[in-house]
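J.: Before I ask anything, let me first share the structure, which is written out below as structure tokens.
The values are calculated or read from the model by the stated rules, or taken from the named source; none is laboratory data. Note that this is a predicted model, so its numbers are computed, not measured. Every residue, glycine as well, gets a Cβ built from its backbone with ideal geometry; the counts of neighbours run over all protein chains shown.
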């Protein structure tokens, strides 16, 4: 097998990357108000990559702020032009220079910003909170922090707050800092996995992470509330008025409530009521004949397909995930449609598996330059879970740091780092933020389950 992509494969890959990447180019037009936006049929929305703002998941654009912004554009009757900034300060500068019309991001209220920005009524009230696991010995008051170690990023606002709190209570709170490249999301995950006892986060991030880790508690606030809001330019009073009137109606909009529940209430950790194992010697699931037939089309062991189905749906062919993935192999509707599987047939087990195999075959072509078949499968599984773009980014980062991009042990390392702005904002990355622990765990679980299936299923 050749170590390089064919010219055609490379061309297709380049086209795919360009088509899936938001427009980050800055046009130098002046800031314009509502009338100009309606005339241009476009609202230019500035935001950043992040778990609550915008990210790519299984080739689909997602994020709470992104989906709210899309709803705003639908109601205005205009197209959304997404502009991704690397930092909060850059967002402010781009808004003031007229590159964008609105910042769909939690911009903090400050005296400095109030002088040069117009805050909308798309507001948030947020506190810093203690993140801990549910137990009989949970900390319930600020004074309970005395005598305990709290882990936070170095020189973060969370460290600053704990230092102030130590002064207020007379000391005794042990503050342990980690490198500031380690994100708050990563520390929350470490709490959930009992690797550290406590960390501090804002309550919005904590609420989101609780949908991934059901054992978390974030009920103890340790700071005064902080106000945040979307902002527009001082030069756009009519846009400000429109957004404020629009916000006033949001609470009565079922679609907006559904978006909120999708990100902040629906469980992201998946435990279906399906079958872990049926009590028939040598069998894995009722769908074994389907897996065996479909596996021939890709040249895989059918038990590997079964392991994917186990991880995706626990063999529940009717399940729908928080993100909208459907059926036995958890296909996103857009992906299924691109493979010739319409929505009305997506829950058909045989067609769902066949479409999944077709998608896996396309991923195999993308990663054909990885000669080791077992290694290549791991890349394909990671891409199936998170989308190929994030795997491309991780390989690019591995190459940058002089690691072999064809070795999963190195690429997984950089997938894990794609929660950190230092890495997902790197110029070699095209697809931004990713909860890298998910595709890494996904690969581990499936390969382990596959090894198990090979021992007792034929």
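J.: Any residue that is at positive phi and assigned by TED's automatic domain parsing to the domain that holds residue 377 - is there at least one of those in the range 314-323?
T.: yes
J.: Which pairs have Cβ atoms under 6 Å, sit 6 or more apart or on different chains, and link a residue in the range 66-78 that is in contact (Cβ under 8 Å) with a residue 24 or more places away in the chain to one that is assigned to a helix (DSSP H, G or I)?
T.: Here the result reads 67/259, each pair linking the range 66-78 to a residue that is assigned to a helix (DSSP H, G or I).
J.: Which condition number does residue 406 fail, the rest of (1) assigned to a helix (DSSP H, G or I); (2) under 24 Å from residue 304 (Cα atoms); (3) touching a residue at least 24 places away in the same chain (Cβ under 8 Å) being met?
T.: (1)
J.: So residue 89 ticks every box in (1) modelled with pLDDT under 95; (2) in contact with a strand residue (DSSP E or B) (Cβ under 6 Å, 6 or more places away or on another chain) but one. Which box is left unticked?
T.: Evaluating residue 89 over (1) modelled with pLDDT under 95; (2) in contact with a strand residue (DSSP E or B) (Cβ under 6 Å, 6 or more places away or on another chain) leaves (2) as the failure.
J.: Follow-up question, since we're still on this one. With the range 162-227 as the region, which strands (runs of 3 or more DSSP E) entirely inside it contain at least 2 residues that are buried (at least 20 other Cβ atoms within 10 Å of the Cβ)?
T.: Of the strands (runs of 3 or more DSSP E) lying wholly inside the range 162-227, those with at least 2 residues that are buried (at least 20 other Cβ atoms within 10 Å of the Cβ) span 199-202, 216-221.
Yes/no per residue for (1) touching a strand residue (DSSP E or B) at 6+ places or on another chain (Cβ under 8 Å); (2) within 25 Å of residue 264 (Cα to Cα):
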{"residue": "127", "(1), (2)": "yes, yes"}
{"residue": "163", "(1), (2)": "yes, no"}
{"residue": "186", "(1), (2)": "no, yes"}
{"residue": "195", "(1), (2)": "no, yes"}
{"residue": "201", "(1), (2)": "yes, yes"}
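J.: Quick test for you: out of 304, 337, 360, pick the one residue that is closer than 26 Å to residue 62 by Cβ and either touching a residue at least 60 places away in the same chain (Cβ under 8 Å) or buried (at least 21 other Cβ atoms within 10 Å of the Cβ) (or both).
T.: 360
J.: Look through the range 435-448, keep the residues that are crowded, with 20+ Cβ neighbours inside 10 Å and at pLDDT 95 or above, and return whichever of them is farthest from residue 85 (Cα to Cα).
T.: It comes out as 446.
J.: Sticking with this one: Suppose we filter 231, 175, 256 for residues that are in contact with a helix residue (DSSP H, G or I) (Cβ under 6 Å, 6 or more places away or on another chain) and either more than 25 Å from residue 269 (Cα to Cα) or modelled with pLDDT of 95 or more (or both); which single one remains?
T.: Testing whether each residue is in contact with a helix residue (DSSP H, G or I) (Cβ under 6 Å, 6 or more places away or on another chain) and either more than 25 Å from residue 269 (Cα to Cα) or modelled with pLDDT of 95 or more (or both) leaves just 175.
J.: Looking at the range 375-393, can you tell me whether even one residue there is closer than 28 Å to residue 326 by Cα and more than 23 Å from the chain's Cα centre (by Cα)?
T.: Checked against the condition, which is being closer than 28 Å to residue 326 by Cα and more than 23 Å from the chain's Cα centre (by Cα), the range 375-393 yields at least one hit.
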